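The values are calculated or read from the model by the stated rules, or taken from the named source; none is laboratory data. Everything numeric in this text was worked out from a predicted model, so none of it was measured. Virtual Cβ from ideal backbone geometry, glycine too; neighbours counted across all protein chains shown.
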Amino acid sequence: MTDGPRIAVIGGGWAGMAAASKLAAEGTCVDVFEAGRVLGGRARRVEIDGMALDNGLHLLLGAYTDTLACLERVGAPAAAFLRTPLRLDTVHGFRLDCPPIPAPWHLLAGLLGARGIGWSDRLAAARLMQRAKRDQYRCAGQITVTALLDAHRQPRRLREALWHPLCIAALNTPPDVADAQVFLHVLRDGLAGSRHASDLVFPTVDLSAMFPEPAADFVIARGGSVHLGEAVSAVDGDGPFTIRTARRTASYAQVICAVDPARLAPLLRDLPALSDVGARAAALRHAPIVSVYLDYGIDVRLRSPMIGLGDGPGEWVFDRQQLCGQRGWLGVVISASDRWTGTPHAMLTRQVEGQLAAQLAMPPAAQRTRVIVEKRATFLCTPGADRPTQRTALPGFHLAGDYTASDYPATLEAAVRSGLACAQAVLENT
């Protein structure tokens, strides 16, 4: 460790722990303050009857290079994830497999060999990708994904089978209001990048154990500290900054603030130079995600680790037995789920059980169930969403989080990249 000033990181989610571990790797002393008892923020472990699950079901891509590099940096276990070539498999017969051949031929072969769509659909998908590449994945003006698909004359079946599920899964925003430019960035990096960029990366441990907790061990081993259950109530000063919690008052040369945008404005109340930042974060609209966990108490092995469902409410089902060794457990995710957040959990569970029984021949009812609703899971990724930058008008005060300015929607990769950008800014200012 250097003898330089300590840096504070407020928030122990993926953004905050990415920043903290990067600084620790560079020899900078870091103190992390996390209000909750479990690291991970909106991607963390929850305990259900002694079973370690997650507050939401997440999937990474091979294109998430910064996230995967962070996992390697902090020594996350190699068995923390399962990486497979791209396969989109649905109950309605659509299936896309990208073979292990060099890019861009892997995507072309996957599209041409896709099942459940006609030749006109396959050619339309290939044409969209080719024209998007020609246009350098830029669209004219602030338009929605639906407008983009209209402009490229994409058939209805192709939209329902491929583009709409990709949009909702990646942006957690319905296509008729989703930002086409951000969607094009996802296509550019996830489908049109290297062959390995399109890989599906499934967590095989809970999300806290996958990265935030190994990152905390990494920080502590290098002279830093991680304070759980210690919320920061106020920040003041203009460098050095004073941080106040119920347990301590401490001074820091620089601060990385990696909290939920809803918590930002109250935290910045004593920093008038950042009042506009807090207001912009508070103005962002949010979209919920609902996760339904079901324990059938019997051996469960679906034909794929993840299968697309149809006829709502569930959109994708994850085989927890296949991925995590949790016998009998399935996880069903409902993204952009405004219409379902007010549904009584028992009623929603029955509908999901009916879906799985009809579409995957599961038993009519599970032995144990749990519904988890993250009402503010992501910001609503609409055209022109005003996302603040990581660098603020107050030197030494930085913002991290998946809601900050990025090519990406609110994903783990966006969170990690924001944290790394903040860490780099700290190093440059030290």
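Can you pull out every residue in the range 23-42 that is closer than 23 Å to residue 375 by Cβ and of a type in the set (A, V, I, L, M, F, W, C)?
35, 38, 39, listed by residue number.
Got a sec? Which helices (runs of 4 or more DSSP H) wholly within the range 100-215 have at least 2 residues that are more than 21 Å from the chain's Cα centre (by Cα) and under 30 Å from residue 331 (Cβ atoms)?
Ranges flagged: 105-112, 119-134, 145-151.
Mind checking which residues of the range 100-115 are among the small types (Gly, Ala, Ser) and crowded, with 17+ Cβ neighbours inside 10 Å?
Hits for the range 100-115 are 110, 114.
Filtering the range 32-42 down to residues that are surrounded by 21 or more Cβ atoms within 10 Å (Cβ to Cβ) and more than 13 Å from the chain's Cα centre (by Cα), which residue is nearest to residue 336 (Cα to Cα)?
Only one residue tops the list, namely 39.
So is residue 369 at pLDDT below 95, surrounded by 14 or more Cβ atoms within 10 Å (Cβ to Cβ) and not assigned by TED's automatic domain parsing to the domain that holds residue 168 or not?
no
In the range 305-322, how many are within 21 Å of the chain's Cα centre (by Cα) and not aliphatic (A, V, I, L, M)?
Residues of the range 305-322 within 21 Å of the chain's Cα centre (by Cα): 305-309, 313-320.
In the following step, the residues that additionally are not aliphatic (A, V, I, L, M) were identified as 305, 308, 313-316, 318-320.
So the count comes out to 9.
Name the strands (runs of 3 or more DSSP E) wholly inside the range 23-85 in which the number of residues that are within 22 Å of residue 330 (Cβ to Cβ) is 2 or more.
45-48, 51-54, 81-84
For every residue, the table says whether it meets (1) touching a strand residue (DSSP E or B) at 6+ places or on another chain (Cβ under 8 Å); (2) at pLDDT 95 or above; (3) surrounded by 21 or more Cβ atoms within 10 Å (Cβ to Cβ); (4) not hydroxyl-bearing (Ser, Thr, Tyr).
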site	(1), (2), (3), (4)
258	yes, yes, yes, yes
275	no, no, no, no
280	no, no, no, yes
298	no, yes, no, yes
325	no, yes, no, yes
332	yes, yes, yes, yes
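Against the condition over 22 Å from the mean Cα position of the chain (by Cα), more than 18 Å from residue 175 (Cβ to Cβ) and not assigned by TED's automatic domain parsing to the domain that holds residue 173, how does residue 344 come out, does it pass?
The answer is yes for residue 344.
Could you please give the count of residues in the range 372-383 that are surrounded by 20 or more Cβ atoms within 10 Å (Cβ to Cβ) and not hydrophobic (A, V, I, L, M, F, W, C)?
1
For the range 43-99, give me each residue that is closer than 24 Å to residue 369 by Cα and surrounded by fewer than 21 Cβ atoms within 10 Å (Cβ to Cβ).
Matches in the range 43-99: 45, 46, 47, 48, 49, 50, 51, 52, 58, 59, 91.
Filter the range 216-240 for residues that are part of a loop (DSSP other than H, G, I, E, B) and either of a type in the set (D, E, K, R) or on the phi < 0 side of the Ramachandran plot (or both); which is surrounded by the most Cβ atoms within 10 Å (Cβ to Cβ)?
Of everything passing the filter in the range 216-240, 224 is surrounded by the most Cβ atoms within 10 Å (Cβ to Cβ).
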